[in-house]
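A.B. asks: Pasting a structure here, questions to come.
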Amino acid sequence: MQTIDCRNFKEVLDSYLSDELAVETNHAVMRHAEHCAGCRSEMGARRKLRGVLREAVTATTATPEFRNRLRERLRAEASADVSARPAVKKPGRESLFAKWFGQFSMPQLAMAMAAVLVVIVGSAYLFSSSNQAQAATLSPAILQQAAGDHDHCAAFWRSLTQSETDPIHNVETYDPSLQDLGKHSPHKALGLKFHYAHVCSEGERKFVHLIYSRGDDLLSLLVTQRNAQAMKDGVVPTDDGGKAGLQRELGLMGQYTVSAFQTSRHVVLLVSSLDEQTQQIFVEKLAQPISNLLRQRGK
């Protein structure tokens with residue numbers, strides 16, 4: 001009785017799925033799969049992949065005449081390519097590519113071509129996604145400006161205790177769409193104390209600045225325009241900002257962590273000197289809900 005181990009199983013699996021093995025070997029493959037969960041899972045995954053590729057290939061039906069013409073055209077082009085080279089082709093000898101091509105039936109060739117297509121499309125998608133993420137990277141300058149604004153402004157206004165429902169000072173002349181941010185801030189559930197909200201500037205950049213504290217720690221929620229100066233490559237993406245994800249810089253000005261989300265029109269930043277883990281909690285519970293709100297509004 002023939003036996004198969006895991007290594008042999010993987011070597012013959014594709015041949016098994018293509019029904020190319022002897023009956024005895026088929027039985028050995030099946031016996032091994034019955035007792036090996038890992039190989040059984042591998043068989044299922046490969047069978048599923050083959051099914052997906054088969055559906056992609058057979059979605060458009062080609063006539064026998066078309067397949068024959070395609071085969072002959074490829075063979076002719078392969079022969080012409082070889083004959084154009086400096087080496088002299090011996091009479092009666094078929095080109096290496098044509099020989100290789102002739103080994104395969106049309107379904108096998110279609111499967112191979114579909115597999116190559118999947119790899120190409122997948123690679124293009126990953127490359128595109130990488131480029132999109134890179135294109136949405138914020139400029140280091142805006143993160144530094146946010147840290148500077150927190151450092152210069154938050155401590156100055158800490159003595160105030162304003163209501164979060166009060167109007168944001170000077171917001172009408174900067175960006176009226178941000179005037180009710182304080183009302184939507186979930187700071188109370190986080191044990192934060194609200195102090196003051198106003199429009200301020202750091203260098204040439206303006207922020208809507210909401211100031212909170214937790215004990216001796218100060219936190220600044222800052223919202224600013226998502227313009228060319230905010231982006232690392234100087235170009236504003238056309239998406240809603242969701243693909244950019246979270247950007248974070250540690251140790252700015254020697255002590256501050258700046259975390260940022262983007263929307264289509266704004267950048268929402270949280271600045272503090274909290275430890276990394278605590279900062280992450282407040283980013284998820286304070287800054288992210290505000291950015292989601294603005295994204296829902298198309299802001």
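A.B. asks: Taking Phe282 as the residue in question, decide whether it is under 27 Å from Thr161 (Cβ atoms), in contact with a helix residue (DSSP H, G or I) (Cβ under 8 Å, 6 or more places away or on another chain) and assigned to a helix (DSSP H, G or I).
C.D. replies: Taking the combined requirement at face value, the residue satisfies it.
A.B. asks: Any chance the range 198-211 includes a residue that's more than 17 Å from Pro140 (Cα to Cα) and touching a residue at least 60 places away in the same chain (Cβ under 8 Å)?
C.D. replies: yes
A.B. asks: Within the range 258-282, take every residue that is among the aliphatic types (A, V, I, L, M) and surrounded by fewer than 22 Cβ atoms within 10 Å (Cβ to Cβ) and give me the one that is modelled with the lowest pLDDT.
C.D. replies: Selected residue: Ile281.
A.B. asks: Given (1) in a helix (DSSP H, G or I); (2) closer than 21 Å to Arg297 by Cβ; (3) in contact (Cβ under 8 Å) with a residue 24 or more places away in the chain, where does Ala189 come up short, assuming only one miss?
C.D. replies: (2)
So that you can scan it fast, the table gives a plain yes or no per residue for (1) aliphatic (A, V, I, L, M); (2) under 19 Å from the mean Cα position of the chain (by Cα); (3) more than 19 Å from Gly182 (Cα to Cα):
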site	(1), (2), (3)
Leu222	yes, no, no
Gln229	no, no, yes
Lys232	no, yes, yes
Pro237	no, yes, yes
Gly245	no, yes, yes
Met253	yes, no, yes
Phe261	no, yes, no
Leu270	yes, no, no
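A.B. asks: Which number in (1) loosely packed, with under 13 Cβ neighbours inside 10 Å; (2) at pLDDT below 85 marks the one condition that Ala114 misses?
C.D. replies: Single failed check for Ala114: (1).
A.B. asks: Any chance the range 249-257 includes a residue that's surrounded by 15 or more Cβ atoms within 10 Å (Cβ to Cβ), closer than 16 Å to His150 by Cβ, assigned by TED's automatic domain parsing to the domain that holds Cys200 and without any contact (Cβ under 8 Å) to a residue 40 or more places away in the chain?
C.D. replies: Among the residues of the range 249-257, at least one is surrounded by 15 or more Cβ atoms within 10 Å (Cβ to Cβ), closer than 16 Å to His150 by Cβ, assigned by TED's automatic domain parsing to the domain that holds Cys200 and without any contact (Cβ under 8 Å) to a residue 40 or more places away in the chain, which makes the answer yes.
A.B. asks: Checking the condition at pLDDT 80 or above and of a type in the set (A, V, I, L, M), which residue from Ile142, Ile120 passes?
C.D. replies: The conditions single out Ile142.
A.B. asks: If you go through the range 247-279, how many residues are more than 14 Å from Met231 (Cα to Cα), not in a strand (DSSP E or B) and not charged (D, E, K, R)?
C.D. replies: Counting residues in the range 247-279 that are more than 14 Å from Met231 (Cα to Cα), not in a strand (DSSP E or B) and not charged (D, E, K, R) gives 8.
A.B. asks: Restricting to the range 1-32, name every residue that is surrounded by 11 or more Cβ atoms within 10 Å (Cβ to Cβ), in contact (Cβ under 8 Å) with a residue 12 or more places away in the chain and of a type in the set (A, V, I, L, M).
C.D. replies: Ile4, Val12, Leu13, Leu17, Ala28, Val29
A.B. asks: Go through the range 1-99 and tell me which helices (runs of 4 or more DSSP H), entirely inside it, have 1 or more residues that are modelled with pLDDT under 75 and in contact with a helix residue (DSSP H, G or I) (Cβ under 9 Å, 6 or more places away or on another chain).
C.D. replies: 37-58, 64-83
A.B. asks: Does the range 201-223 include one or more residues that are of a type in the set (S, T, N, Q), closer than 20 Å to Arg295 by Cβ and either surrounded by 20 or more Cβ atoms within 10 Å (Cβ to Cβ) or in contact with a strand residue (DSSP E or B) (Cβ under 8 Å, 6 or more places away or on another chain) (or both)?
C.D. replies: Scanning the range 201-223 turns up no residue that is of a type in the set (S, T, N, Q), closer than 20 Å to Arg295 by Cβ and either surrounded by 20 or more Cβ atoms within 10 Å (Cβ to Cβ) or in contact with a strand residue (DSSP E or B) (Cβ under 8 Å, 6 or more places away or on another chain) (or both).
The values are calculated or read from the model by the stated rules, or taken from the named source; none is laboratory data. Everything numeric here is computed off the predicted structure, so don't read it as measured data. Methodologically, a virtual Cβ is constructed for each residue, glycine included, from the backbone with ideal geometry; neighbour enumeration extends over all protein chains shown.
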